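The values are calculated or read from the model by the stated rules, or taken from the named source; none is laboratory data. Since we're looking at a predicted model, the values are computed, not measured. So basically every Cβ, Gly included, is an ideal-geometry build from the backbone, and we count neighbours across all protein chains shown. Ligands, DNA and RNA are excluded from the accessible area calculation, which covers all protein heavy atoms including side chains. Shrake-Rupley method; radii C 1.70, N 1.55, O 1.52, S 1.80 Å.
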Amino acid sequence: MQMKIKIYTNSDIIYYGLKEILYSNQFNFELLNNIKDLANCDDASTIHIIDNVLLFDTHNIDLIKRCTSHNIVLLQTTYLQSSLQNLFNIIINLDEKDETIKFKIFKLFNNKTDHQQTNAILSEREIEVLKLIVSGYQNKEIADKLNISINTVLTHRKNISQKTGIKSVSGLTIFAVLKNIISLEETTNL
Amino acid sequence: MKKPIIINNDTKLSDIISFYPFIITQFEHLNINIPVEEKNISDIAKENKINTNFLKFIIEYILNNKIIEQYTPQIDDITILLLYLKNNHDYFIKYMFPHIDKIINKTYDETHQDEILLIKKFFQEYNKEVLEHFEYENQIVFPYITKLYNSIDKKEKITSDYCVEEYKNHHDDIEEKLNDLKNLLIKYLPSTIKSDFRKRLLFNLYQLEKDLDVHSYLEDKILIPLVEKLEAY
């Protein structure tokens with residue numbers, strides 16, 4: 001899937017620098033000087049990186065407050081008060097290493113797309129069953145919890161393995177963590 | 001394009017290795033000396049006291065996944081089969097598993113990425129299970145087969161509570177987990193992981209898988225039927 005990265009800044013150094021660091025064929029880059037365009041685009045496949053110099057204008061801060069569903073990254077070029085930092089999904093600092101910046105943005109990108117893709121791979125019900133499997137529940141317990149027959153549980157298990165290509169419980173646990181279905185701390189089967 | 005290689009008594013081992021270098025590992029399990037100079041299949045079979053048809057069979061199986069009809073397993077092949085399987089265990093235990101473990105650990109130490117930690121834990125668990133299986137074969141199955149095989153010469157009947165039936169289907173789990181690991185690497189491990197980790201691990205797992213596949217085939221399809229024949233004597 002193609003992902004759009006919109007960079008809001010007045011500095012060519014910042015725009016071309018970020019583009020160089022993040023360069024990947026999965027991304028499309030766009031340079032914008034005006035934050036007003038933010039409101040027109042609430043597409044989940046777009047990441048907005050905003051130079052905080054643009055935030056000196058309080059109208060812009062109000063605008064960001066309204067765009068809660070956006071993936072907004074703050075590029076901290078000067079100090080920004082901490083109450084405002086909470087408005088952003090992640091913050092990049094100007095003195096960070098290229099690997100770290102890449103890692104942060106890619107992670108945001110993976111989180112967004114993975115969730116959509118898992119939903120495409122597995123049905124809601126299968127995700128529920130998967131959660132219970134990797135939490136260590138046996139077939140009988142899963143059947144009781146979800147109020148379905150053991151046979152239905154077995155069919156779900158078979159379909160989950162067929163769709164993901166993963167059969168063992170420990171393998172499915174890793175799958176579930178990678179797809180943000182459960183957190184690393186919740187894993188009991190590893 | 002590489003020309004397919006035809007396997008007969010005159011085929012040189014050097015041509016086979018050049019065609020598919022990974023096969024060196026299996027040749028080592030048979031105690032075949034490398035370098036192979038100009039030796040062909042029948043030279044090597046004679047030198048290592050291996051049934052020529054068995055040698056051709058195993059090469060065909062590795063190169064082309066083909067089962068040749070010329071080869072009918074003989075009771076006396078048990079010696080070479082046991083040698084192969086024991087050497088193979090040694091190779092797994094002393095080299096292959098520690099080597100893969102090292103790749104994973106080194107990457108984790110460098111990056112401390114959660115994704116690598118998950119793979120590390122999965123492989124450690126897998127490693128443990130496989131070693132337990134090998135241990136079981138080394139301690140119980142192989143000594144039993146050796147005893148049974150030796151008793152044929154002495155024309156004596158051995159008594160044992162154990163029979164080879166118990167040992168069938170032990171390999172399914174091992175292959176299943178390996179396949180899971182491959183799928184996780186190929187389909188799901190995100191692009192944020194250290195760049196050559198996926199590739200290096202996959203190439204090594206490919207070798208491991210190939211070696212395990214030959215191993216399971218020799219045990220399940222050749223050794224076990226032979227031992228069942230012996231048990232029926």
- Note on the structure: From the option list B:Ile80, B:Ile59, single residue qualifying as within 15 Å of B:Ile23 (Cα to Cα), open to solvent by less than 40 Å² (accessible area, probe 1.4 Å) and under 15 Å from the mean Cα position of the chain (by Cα) is B:Ile59
- May I ask you to say which residue of B:Lys46, B:Lys3, B:Lys86, B:Lys56 is within 30 Å of B:Asn127 (Cβ to Cβ) and among the basic types (Lys, Arg)? B:Lys86
- Query: Just wondering, is there one or more residues in the stretch B:5-21 that are acidic (Asp, Glu), within 30 Å of B:Thr146 (Cβ to Cβ) and open to solvent by 90 Å² or more (accessible area, probe 1.4 Å)?
  - Reply: no
- Just name the residue that is nearest to B:Leu212 (Cα to Cα) out of those in the stretch B:105-136 that are in contact (Cβ under 8 Å) with a residue 60 or more places away in the chain and part of a helix (DSSP H, G or I). B:Phe122
- Would you confirm whether any residue within the stretch B:65-78 is more than 24 Å from B:Asn150 (Cβ to Cβ) and either at pLDDT 95 or above or not in a loop (DSSP other than H, G, I, E, B) (or both)? no
- Checked the stretch A:76-95 for anything crowded, with 16+ Cβ neighbours inside 10 Å and over 18 Å from the mean Cα position of the chain (by Cα); matches are A:Gln76, A:Thr77, A:Leu80
- Note on the structure: Given (1) at pLDDT below 90; (2) open to solvent by 20 Å² or more (accessible area, probe 1.4 Å); (3) more than 26 Å from the chain's Cα centre (by Cα); (4) within 14 Å of chain A (Cβ to nearest Cβ), B:Lys155 misses just (4)
- Item | Given (1) modelled with pLDDT of 95 or more; (2) assigned to a loop (DSSP other than H, G, I, E, B); (3) open to solvent by less than 50 Å² (accessible area, probe 1.4 Å), index of the condition B:Asn88 fails | (2)
- Task: Kindly indicate whether A:Thr118 is within 29 Å of B:Leu178 (Cβ to Cβ), at pLDDT 90 or above and surrounded by 18 or more Cβ atoms within 10 Å (Cβ to Cβ).
- Result: no
- Item | Residue under evaluation A:Val53, criteria (1) modelled with pLDDT of 85 or more; (2) closer than 15 Å to A:Ile5 by Cα, criterion not met | (2)
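Evaluate the following for A:Asn111: is it in a helix (DSSP H, G or I), surrounded by fewer than 16 Cβ atoms within 10 Å (Cβ to Cβ) and at pLDDT 90 or above?
No, not satisfied.
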- When residues of the stretch A:44-65 are limited to those that are more than 20 Å from the chain's Cα centre (by Cα) and open to solvent by 50 Å² or more (accessible area, probe 1.4 Å), the one nearest to A:Asn33 (Cα to Cα): A:Val53
- Task: Return the residue satisfying two criteria in turn: it lies in the stretch A:155-190 and is open to solvent by 30 Å² or more (accessible area, probe 1.4 Å) and facing another protein chain (nearest Cβ under 7 Å), and of such residues it is nearest to the chain's Cα centre (by Cα).
- Result: A:Leu184
